[in-house]
Structures are given as C-alpha cells and as structure tokens.
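The block underneath contains the structure these notes are about, expressed in structure tokens.
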Amino acid sequence: MTDTTEHPTLSGGENSGVETLPVDLVERYRRDGYVRIPGVLDAAEVSEFLAEARAQLDRQPTVSWEAPEGGNVMDWVAEPENVSAPMRRLALHPKITAIAEHLAGRALRMFKTELLRKHSQGSAPTPLHIDDPAFPIAAAPVTLTAWVALVDVPVERGCLSFIPGSHRWPGDTLPVNEEPFDLRPELRWWPQVTVPLRAGDCTFHHSRLVHSAGANRTDATRISLASVYMDAEAVYRPNPDSWYQDKVPDREPGQVLDGDRYPRLS
C-alpha cells in the first residue's frame with residue numbers, strides 16, 4: 001500500500017527550528033517506527049543542496065552495493081559532511097534535527113551521513129533490511145535516520161517502503177548477518193507501506209524498522225541524504241560478528257562518541 005496519510009507541513013526557513021510536533025505525529029512514529037513530513041526544505045534549499053550533492057557524487061569516491069542476483073542497488077559518498085560544508089549544514093539543519101529529537105524524545109548526536117544515489121534505468125531494488133546492525137553504538141535502540149529527498153522520488157524512482165511496527169523486536173533477536181524474515185517469518189505477512197516523496201520532503205525511521213526501496217525505473221537519478229542520529233550518550237561498541245558494520249576510526253570500544261565529529265543536535 002502507498003502512504004496517503006496527511007502529515008503536517010512545516011513552516012519557516014533554514015534558520016527556523018521546530019518548537020513542537022503534534023502529539024499524534026510523535027505517537028505515530030513510536031507506534032509505526034517511521035513518519036513522513038513534507039516540505040521540510042524549501043525550493044531554494046533543495047536547489048542549493050542538490051547542486052552540492054551532485055558535485056560531491058562526481059568528485060568523491062563512492063561505495064557501491066551490488067545485488068547478489070546482479071545489478072547495482074545504489075552507490076553513495078560516505079560521510080560527505082566531513083568534506084562538504086553544505087552537506088554538513090544539511091545534516092545539522094535545525095528543522096531536521098529538531099524533528100529527530102522530538103521523535104526520539106531525548107538529546108541526540110549526529111553519527112554519520114550518506115549521500116545516496118540510485119541510478120536511472122536498471123538499478124536493482126534495495127532488499128528488506130534493518131540498519132541497526134551496521135551501527136557500532138551501544139545506544140542503538142534510540143537511533144534513527146532522516147532520509148531527505150533532494151529530487152522527486154515517486155514509486156517508480158525507488159522510494160522507501162516500511163513494515164510498520166517491525167522495529168519492536170523481542171529480546172535480543174535482532175539479525176546480525178541473518179535476513180529479518182529468517183528470525184521473524186511472520187513479518188512476511190505484515191502490510192508494507194510505500195512512501196513517495198517530493199524534493200524537500202523527509203522520512204524519519206527507527207534503526208530497527210524493516211524497510212526497503214524499489215528499483216529506479218525512470219530516466220532520472222534518485223539522490224538523497226541519509227543522516228543517522230544517535231543518543232547523545234552513546235558509546236562505541238563494535239560487534240565482531242557483524243560483517244558490514246561502520247568503522248569508527250577515532251575511538252576505542254567503550255568510549256563516548258562525542259566531539260566535533262559527532263556533534264550534539266540541540
């Protein structure tokens with residue numbers, strides 16, 4: 001099914017934060033594990049950040065995700081906020097970060113960003129997965145991602161789909177190297193909600209929510225920035241059993257993830 005829920009449009013420019021969010025919106029996020037908010041960026045901001053995103057995708061080395069059955073799922077620039085001032089401004093945009101903290105219900109830090117590109121005509125779908133095992137942080141239960149569309153992302157361009165409520169995993173059953181359905185076969189029968197976005201819209205999703213994206217079947221490249229935010233007191237705790245965990249070059253296990261590389265949002 002496609003998400004047709006009416007979500008609030010936020011007002012104000014780049015320097016305007018978000019004082020409050022509707023209670024039902026926060027409750028919906030905590031129940032479903034995701035929420036869509038249109039119009040977070042205005043047209044001028046979209047134009048500026050998209051131009052910079054395209055420049056960084058052309059200039060910086062990228063990481064590719066190849067599908068086992070063949071085809072490129074997507075590629076991305078890892079941590080563009082460390083080489084690009086505009087990408088850092090987008091990752092720390094006051095509207096986006098204020099929404100993230102309201103949804104999480106606590107103070108957060110930025111963990112990282114990824115500048116994502118899903119190529120036109122022939123990209124492979126992004127398989128169902130959860131993000132949590134890729135994050136080597138002890139406070140993962142409050143980690144969430146802001147996914148900012150920098151171009152229009154209709155269904156046929158590979159927008160995200162979510163399994164609402166699938167972020168509530170029993171005990172310590174989170175998959176590390178397993179597929180989500182291997183641990184919870186019942187999820188195969190839960191509804192999946194597809195969420196098309198206009199440029200400037202955002203989704204926010206919990207790090208334990210099962211989600212995917214379709215193939216890009218259009219002539220235009222899908223470009224977005226995914227910013228990951230974590231508990232402000234999170235510590236570095238790598239899992240040696242995970243084969244695709246993010247690297248943290250400047251911390252030892254057990255150390256707090258703080259400082260300029262992991263700035264506080266509020």
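The values are calculated or read from the model by the stated rules, or taken from the named source; none is laboratory data. For clarity, every value in this text was computed on a predicted model and none was experimentally measured. Quick reminder, even Gly has a Cβ in these numbers, built from the backbone with ideal geometry, and neighbours come from all protein chains shown. Heavy atoms of the whole protein, side chains included, go into the accessibility calculation; ligands, DNA and RNA do not. Shrake-Rupley method; radii C 1.70, N 1.55, O 1.52, S 1.80 Å.
Annotations for the structure displayed:
- Note on segment 29-134: enclosed strands (runs of 3 or more DSSP E) holding 2 or more residues that are open to solvent by less than 10 Å² (accessible area, probe 1.4 Å) are 34-37, 72-78, 108-118.
- Qualifying residue in segment 162-179 (condition: closer than 26 Å to Arg89 by Cβ and open to solvent by 10 Å² or more (accessible area, probe 1.4 Å)): no
- Flag for Pro196 being under 19 Å from the mean Cα position of the chain (by Cα), over 20 Å from Ser123 (Cα atoms) and of a type outside the set (Ser, Thr, Tyr): no
- Unique residue being among the basic types (Lys, Arg) and in contact with a Pro (Cβ under 9 Å, 6 or more places away or on another chain) when the list is Arg106, Arg88: Arg88
- Residue in segment 3-20 that is more than 12 Å from Ile96 (Cα to Cα), of a type outside the set (Lys, Arg), at pLDDT below 95 and surrounded by 15 or more Cβ atoms within 10 Å (Cβ to Cβ) present: yes
- Residue that is surrounded by the most Cβ atoms within 10 Å (Cβ to Cβ) [pool: residues in segment 221-241 that are under 20 Å from Thr203 (Cα atoms) and out of contact with any Phe, Trp or Tyr (no Cβ under 9 Å at 6 or more places or on another chain)]: Arg222
- One residue from Val256, Val235 being farther than 20 Å from Trp65 by Cα, among the β-branched types (Val, Ile, Thr) and in contact (Cβ under 8 Å) with a residue 24 or more places away in the chain: Val235
- Residue match in segment 142-160 (condition: small (Gly, Ala, Ser) and surrounded by fewer than 22 Cβ atoms within 10 Å (Cβ to Cβ)): no
- Single condition Tyr244 does not satisfy, out of (1) open to solvent by 50 Å² or more (accessible area, probe 1.4 Å); (2) closer than 30 Å to Pro86 by Cβ; (3) at pLDDT 95 or above: (3)
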